[in-house]
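A.B. asks: My structure is below; once you've seen it, I'll send some questions.
The values are calculated or read from the model by the stated rules, or taken from the named source; none is laboratory data. Quick caveat: nothing in here was measured; it's all calculated off a predicted structure. Quick reminder, even Gly has a Cβ in these numbers, built from the backbone with ideal geometry, and neighbours come from all protein chains shown.
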């Protein structure tokens with residue numbers, strides 16, 4: 001009996017640890033975000049709190065529940081996740097520590113003739129201990145990355161932040177400047193201090209001339225921390241808006257956090273979008289008003305830039321969405337400072353490749369597919385709706401609405417979706433009440449499982465249709 005209980009206890013601790021580690025990984029290892037910002041609190045109750053309390057209060061009957069109810073439901077939960085736990089080095093260290101603590105605790109209890117093994121202590125110490133280990137490791141990684149940057153004495157660093165569009169600005173700038181210089185940009189959406197340090201150590205080529213760093217934030221001081229580390233020579237602050245408003249609570253705090261980037265000790269110049277509502281000075285240029293006559297179609301964007309001399313520079317870019325006029329203009333300003341004239345930059349911009357999953361057009365089976373699944377802000381979503389409205393045929397949108405946003409903005413999304421689209425497919429549950437309130441019932445479809453999406457689209461769409469994927473959210477949201 002003791003060996004059964006010992007084995008079962010190990011299995012229980014590791015099952016709870018698996019659920020806990022999965023949630024921590026989703027929310028960047030921030031316990032307060034797992035507790036305060038989770039969108040499916042019933043998961044915490046079902047997969048963590050109920051088994052925890054049942055273990056302490058149901059006695060020997062607990063193991064019947066554990067093997068015949070909890071483990072099967074936890075396995076089904078894990079199987080249905082579209083963002084499963086990734087066994088990174090950090091996760092492996094967490095489970096190694098959890099194993100060692102559980103063994104130590106259980107052997108200690110057995111040596112005292114007690115088989116009432118605890119759960120809370122090994123889990124709590126494993127979480128706290130693994131965080132302490134990561135802090136020690138990240139300090140070493142930080143020193144190594146700092147030494148690498150300092151050894152690249154001729155490296156020019158460009159920092160980019162914004163509420164919306166920072167990844168696009170980064171990619172457009174890398175493509176434009178890449179025609180003349182050796183450029184390296186942080187990959188995908190790597191934009192935290194830990195991600196930047198890891199990327200420098202593992203991937204930054206030592207012959208890089210221009211290093212473009214995307215900077216994201218979930219709280220005050222996040223941009224300042226990255227800025228202090230990489231010390232950008234040039235900086236861009238793109239459009240400021242209510243993205244992640246639930247963390248910052250106000251637009252002013254969002255703006256102030258983004259503006260931390262201009263505190264770089266090596267700053268030569270920064271370009272700040274007019275939405276930030278800051279004053280220019282000798283190192284800060286406000287941009288946005290020079291963009292004129294923006295015309296967006298399903299084939300690209302045409303617009304004019306009025307130069308400081310009063311000349312008009314015409315551009316056509318083969319990427320979708322009128323907001324990309326702002327992103328490309330920001331890239332051209334930085335490129336000009338790096339020695340590429342506006343005229344030459346405009347020529348390079350005419351051959352830009354779209355950023356993956358950001359209003360990326362694909363034609364398949366006679367259907368137009370607009371993949372905007374990585375664009376989760378109100379301006380971008382409204383622009384994608386406007387673009388879709390130009391299509392003369394049937395229009396379908398697949399969306400969870402806006403995530404980490406307020407109800408009023410999602411009401412705006414739902415109302416416009418009802419006006420533009422013939423079919424509105426809503427994924428996820430977080431914004432269902434809003435869509436149900438503002439979208440006509442005969443054009444509204446709620447999708448219970450994202451795995452069913454491909455089959456549903458095959459059944460409900462036909463050649464000549466336009467399908468827009470507007471934002472995406474993993475099913476833990």
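A.B. asks: Look at residue 208 and say whether it is out of contact with any helix residue (DSSP H, G or I) (no Cβ under 7 Å at 6 or more places or on another chain), surrounded by 14 or more Cβ atoms within 10 Å (Cβ to Cβ), over 27 Å from residue 408 (Cα atoms) and modelled with pLDDT of 95 or more.
C.D. replies: yes
A.B. asks: A further question on this structure: Every residue in segment 442-460 that is out of contact with any strand residue (DSSP E or B) (no Cβ under 9 Å at 6 or more places or on another chain) and at pLDDT 95 or above, please.
C.D. replies: Selection gives 442 alone.
A.B. asks: Then there is this: State which residue pairs qualify: first residue on the phi > 0 side of the Ramachandran plot and inside segment 426-437, second residue in a loop (DSSP other than H, G, I, E, B) and surrounded by 21 or more Cβ atoms within 10 Å (Cβ to Cβ) in any location, beta carbons under 6 Å apart, and separation of 6 or more residues or different chains.
C.D. replies: Close Cβ pairs satisfying both conditions: 428/400; 428/473.
A.B. asks: Among the residues of segment 115-128 satisfying the criterion of being in contact with a helix residue (DSSP H, G or I) (Cβ under 9 Å, 6 or more places away or on another chain) and without any contact (Cβ under 8 Å) to a residue 24 or more places away in the chain, which is surrounded by the most Cβ atoms within 10 Å (Cβ to Cβ)?
C.D. replies: For segment 115-128, the residue satisfying everything is 118.
A.B. asks: Could you list all residues from segment 47-94 that are closer than 19 Å to residue 448 by Cα and in contact (Cβ under 8 Å) with a residue 24 or more places away in the chain?
C.D. replies: Within segment 47-94, 73, 74, 77, 78, 80, 81, 82, 83, 84 qualify.
A.B. asks: Given the structure, is residue 189 assigned to a helix (DSSP H, G or I), closer than 30 Å to residue 360 by Cβ, assigned by TED's automatic domain parsing to the domain that holds residue 235 and touching a helix residue (DSSP H, G or I) at 6+ places or on another chain (Cβ under 8 Å)?
C.D. replies: For residue 189, the condition - assigned to a helix (DSSP H, G or I), closer than 30 Å to residue 360 by Cβ, assigned by TED's automatic domain parsing to the domain that holds residue 235 and touching a helix residue (DSSP H, G or I) at 6+ places or on another chain (Cβ under 8 Å) - is not met.
A.B. asks: Right, residue 402: touching a strand residue (DSSP E or B) at 6+ places or on another chain (Cβ under 9 Å) and either in the same structural domain as residue 436 (by TED's automatic domain parsing) or not in a loop (DSSP other than H, G, I, E, B) (or both) or not?
C.D. replies: No; evaluated as a whole, the condition is false for this residue.
A.B. asks: Is it true that some residue in segment 291-305 is in contact (Cβ under 8 Å) with a residue 12 or more places away in the chain, within 26 Å of residue 386 (Cα to Cα), in a loop (DSSP other than H, G, I, E, B) and not assigned by TED's automatic domain parsing to the domain that holds residue 466?
C.D. replies: yes
A.B. asks: Every residue in segment 166-186 that is farther than 25 Å from residue 272 by Cβ and in a strand (DSSP E or B), please.
C.D. replies: none
A.B. asks: Counting only residues that are in contact (Cβ under 8 Å) with a residue 24 or more places away in the chain and more than 18 Å from residue 373 (Cβ to Cβ), how many does segment 438-457 have?
C.D. replies: Number of matching residues: 3.
A.B. asks: Determine if segment 371-382 includes at least one residue that is at pLDDT 95 or above and part of a helix (DSSP H, G or I).
C.D. replies: No, segment 371-382 contains no residue that is at pLDDT 95 or above and part of a helix (DSSP H, G or I).
A.B. asks: If the requirement is being under 18 Å from residue 268 (Cα atoms), at pLDDT 95 or above and in contact with a helix residue (DSSP H, G or I) (Cβ under 6 Å, 6 or more places away or on another chain), which of these qualifies: 176, 226, 200?
C.D. replies: From the options 176, 226, 200, the qualifying one is 226.
A.B. asks: Counting only residues that are more than 20 Å from residue 167 (Cβ to Cβ), give me the strands (runs of 3 or more DSSP E) lying completely in segment 220-288 with at least 1 of them.
C.D. replies: 269-273, 284-287
A.B. asks: Got a sec? Which helices (runs of 4 or more DSSP H) wholly within segment 1-61 have at least 3 residues that are within 19 Å of the chain's Cα centre (by Cα)?
C.D. replies: In segment 1-61, the matching helices (runs of 4 or more DSSP H) lie at 2-26, 31-36.
A.B. asks: Within the group 301, 294, which residue is surrounded by 20 or more Cβ atoms within 10 Å (Cβ to Cβ) and modelled with pLDDT of 95 or more?
C.D. replies: When all the criteria are applied, what remains is 301.
A.B. asks: Within segment 461-476, work out how many residues are at pLDDT 90 or above and exposed (fewer than 15 other Cβ atoms within 10 Å of the Cβ).
C.D. replies: Total meeting the criteria: 3.
A.B. asks: Can we say residue 418 is touching a residue at least 12 places away in the same chain (Cβ under 8 Å) and surrounded by 21 or more Cβ atoms within 10 Å (Cβ to Cβ)?
C.D. replies: No, not satisfied.
A.B. asks: Looking only at helices (runs of 4 or more DSSP H) that fall completely inside segment 68-157, which ones have 2 or more residues that are closer than 27 Å to residue 201 by Cβ and at pLDDT below 95?
C.D. replies: 89-111, 120-151
A.B. asks: Would you call residue 322 in the same structural domain as residue 172 (by TED's automatic domain parsing) and modelled with pLDDT under 95?
C.D. replies: Spelling it out, residue 322 is indeed in the same structural domain as residue 172 (by TED's automatic domain parsing) and modelled with pLDDT under 95.
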